[in-house]
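The values are calculated or read from the model by the stated rules, or taken from the named source; none is laboratory data. No experiment lies behind these values; they were computed from the predicted model shown. Cβ coordinates were reconstructed from backbone atoms using ideal geometry, including for glycine residues, and neighbour counts include every protein chain displayed.
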Amino acid sequence: MKRSKTMELGVGLFMLAGILGLLILGLRVSGLTFTAADDSFRLEANFANIGGLKPRARVTMSGVTVGRVSAIELDTEWYDARVLLELDAELEDRLPRDTTAAILTSGLLGEQYVGLTVGGDPEMLGDGDTIRDTQSALVLEELIQQFVSNMVND
Amino acid sequence: MIGRVMRLGQRGCDVLEALGRAGLFLVQSSVGIPSREGCYLWLRQMHFVGVLSLAIVLVSGLFIGMVLALQGYTILVDFGAEQALGQMVALSLLRELSPVVAALLFAGRAGSALTAEIGLMKATEQLTSMEMIGVDPLRRVVAPRLWAGFVALPMLTVGFSVVGIYGGYLVGVEWLGVFEGSYWSSMQASVDFIADVGNGMVKSLVFALVVTWIAVFQGYDLVPTSEGISRATTRTVVYSSLAVLGLDFVLTALMFGGFS
Amino acid sequence: MTDSLFVEVENLHFSRGEKVIFDGVAMQIPRGRITAIMGPSGTGKTTLLKLIGGQLVPDAGRVLIAGQDVHALSRKALFTLRRRMGMLFQSGALFSDLSVFENVAFPLRVHTDLPQTMIRDLVLMKLQAVGLRGARELMPAELSGGMARRVALARAIALDPDLVLYDEPFVGQDPISKGVLVQLIKKLNEALGLTSIVVSHDIQETLSIADYVYVIADGQVMAHGTPENLDIDDDPRVTQFVHGEPDGPVPFHYQAPDYFRDILNLEGRP
């Protein structure tokens, strides 16, 4: 069988382009990073209401992304939401114990994310610790209700 | 009346029989250890169904991405949410448009050609003479084409998505002035590699198998006349398009429909 | 006949849908001879070759090749047996994506592990035998019909088979090509000690090379014998066929109502 080098090269390039495309879809489009799983630092936070927070939402500190929400589950003991955060390993033992977590919204209709604000406690949070001080998501209906009852009371 | 019922039953039996033949055909041609020669034949078919389909698939992907961005922008800007353009373009491409449109283009470009080629080989007794030489045409002719289609279409789908997303970027960011950072970050925040890219690839693999299978089976099973070949080619395009769209609904319901 | 038998066809029945094609055909084909199977078009001569080659399965009866029942063999054993058979197809059936050289080399590459140089020698020998050594670079689309058939012949004998089946080798050829093919079939048969089965309706050419002739019509063997004594057989169907008479037991007219009544349209048909 006669072999054509240009054809073999073409198919090789085609396969390479396919794999490269998949890499682009992974890194550029879905924002995967090459950090190993044990390289991260886990925290838990309980919220009374998470609003529209989704797994994989950003965790930010002063606007800088420092991690992601890895899972959200219902805490059947307290009947609130337990949110598992996965943060950069370099923050381990560097966040004060009274750090607060708040669920914020980017823009008026944008996606929701978790914002961390540091406190002044000398003791630091370690892997698997829980953030005590949390602030739930703002729910539009509750806000309106509050506003209306305030008006009536006045 | 009874005659009509009988004809309907006969027709049902014919369809079942054809399905059985097609199933046996798939098993006989795809199972087995590939030889060195087989690898080379596969490579040749990859060139034919993959590399040569690249141009039409990429150009279509570019235009579809651009149209998506244009349409999405005019809707999103009414809600002041044009930052979410990247998310919209990427999700509609990855989950839905790339697998489906690439499969439809593939059926038209490569599927019909496969049917016609195998059909012509059958009409000119090449398949029979191969059998008489003691070579199984299922292994030699059909199997490399089946595997090439199965590998090539997912690759083409990836290319379609990438080009489409950059097409959306061209229109959204460069032309309509969406902020570049929010185009990519809204995309990265909402696209999940496993759930979106992965499920899109699963769809594409299913479509690849179905379209190539229909194409080679129609070629192998046709009536070896010029009319038979033209009818089989048409059937390939019609059946694969319907199969792709129907299966897309089923797969979407399973993946994103919330049954789990 | 003193020769041993190579192919035996016993009480073969075959039908396609409602239409009965063979209704108890029996033949004995001796080793090392050219046996011709003749008959009008549409009597299933090609079907008979496909039955002998194991591509079709009969409704009843057996085909024995070198003592093996073709239709009782496993798929693998059948493919092994087919290495000992070559078949020349009506259309040539060359692989259109391979050159002449590669077409002839195809069976060698598939069935043997010979080194490249030896394959080259063998292919050139076979092409020399059919006189087309100079055409080895051409693609099948560039060949004339007669050349394509000669290449197909070279491919059919590439593995030095014991049995070669010729399906209408002379059909649609000009007189020169016919003459060439007649010579080739005869020469190859003598030189290689082949057993040949020629299916044809070209009477002159076939009778000039055949050692023994079977005439089939209506699903049965109508006559058989050597070319010399076939002519005097008194079956009118054979006589009509051999002499090429337009009308006889095989009617000239397709079944139709009476001509006079039809012209006057007495039956009201369109």
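List of remarks:
- When A:Glu8, A:Glu77, A:Glu90, A:Glu111 are checked against the criterion of being acidic (Asp, Glu), farther than 20 Å from A:Asp133 by Cα and over 18 Å from the mean Cα position of the chain (by Cα), A:Glu8 stands alone in meeting it.
- Restricting segment C:91-101 to residues that are in contact with a helix residue (DSSP H, G or I) (Cβ under 7 Å, 6 or more places away or on another chain) and either under 30 Å from C:Gly67 (Cα atoms) or among the charged types (D, E, K, R) (or both), the residue that is farthest from the other protein chains (Cβ to nearest Cβ): C:Gly92
- Restricting attention to segment C:104-154 and to residues that are among the aliphatic types (A, V, I, L, M) and part of a loop (DSSP other than H, G, I, E, B), the residue that is nearest to the other protein chains (Cβ to nearest Cβ) turns out to be C:Met139.
- Whether a residue is buried (at least 22 other Cβ atoms within 10 Å of the Cβ), modelled with pLDDT under 85 and not basic (Lys, Arg) was assessed, and C:Thr206 passes this test.
- Residues in segment A:53-84 that are of a type outside the set (Gly, Ala, Ser), touching a residue at least 24 places away in the same chain (Cβ under 8 Å) and either in a strand (DSSP E or B) or within 11 Å of chain B (Cβ to nearest Cβ) (or both): A:Lys54, A:Arg58, A:Val59, A:Thr60, A:Met61, A:Val66, A:Val69, A:Asp75, A:Asp80, A:Arg82, A:Val83, A:Leu84.
- Hey, B:Gly181 modelled with pLDDT of 90 or more and part of a helix (DSSP H, G or I) or not: no
- Cβ pairs under 7 Å, 6+ apart, first in segment B:136-160 and more than 8 Å from chain A (Cβ to nearest Cβ), second outside any helix (DSSP H, G or I): B:Arg139/B:Gly32
- The residue list A:Leu84, A:Leu74 contains one member that is modelled with pLDDT of 85 or more and under 22 Å from B:Asp192 (Cα atoms), which is A:Leu84.
- Against the conditions (1) more than 14 Å from chain B (Cβ to nearest Cβ); (2) modelled with pLDDT of 85 or more; (3) under 19 Å from A:Leu125 (Cβ atoms), A:Glu90 satisfies every one except (2).
- Test for B:Ala195: is it at pLDDT below 95, over 18 Å from B:Val57 (Cβ atoms), touching a Gly at 6+ places or on another chain (Cβ under 9 Å) and within 14 Å of chain A (Cβ to nearest Cβ): no
- Residue match in segment B:9-28 (condition: more than 21 Å from the chain's Cα centre (by Cα), within 19 Å of B:Phe150 (Cβ to Cβ) and either at the interface with chain A (Cβ under 10 Å from one of its Cβ atoms) or surrounded by 13 or more Cβ atoms within 10 Å (Cβ to Cβ) (or both)): yes
A quick yes/no check of all residues on (1) of a type in the set (Gly, Ala, Ser); (2) part of a helix (DSSP H, G or I):
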position	(1), (2)
B:Gly159	yes, yes
B:Gly164	yes, yes
B:Tyr169	no, yes
B:Glu174	no, yes
B:Gly177	yes, no
B:Ser186	yes, yes
B:Phe207	no, yes
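- Qualifying residue in segment B:56-63 (condition: of a type in the set (Val, Ile, Thr), within 20 Å of B:Ala143 (Cβ to Cβ), in contact with a Leu (Cβ under 8 Å, 6 or more places away or on another chain) and within 13 Å of another protein chain (Cβ to nearest Cβ)): no
- Of all the residues in segment C:66-86, those that are touching a residue at least 12 places away in the same chain (Cβ under 8 Å), within 13 Å of chain B (Cβ to nearest Cβ) and out of contact with any Gly (no Cβ under 6 Å at 6 or more places or on another chain) number 5.
- Scanning segment B:22-40 for residues that are in contact with a Phe, Trp or Tyr (Cβ under 8 Å, 6 or more places away or on another chain) and not polar (S, T, N, Q) yields B:Ala22, B:Phe25, B:Leu26, B:Pro34.
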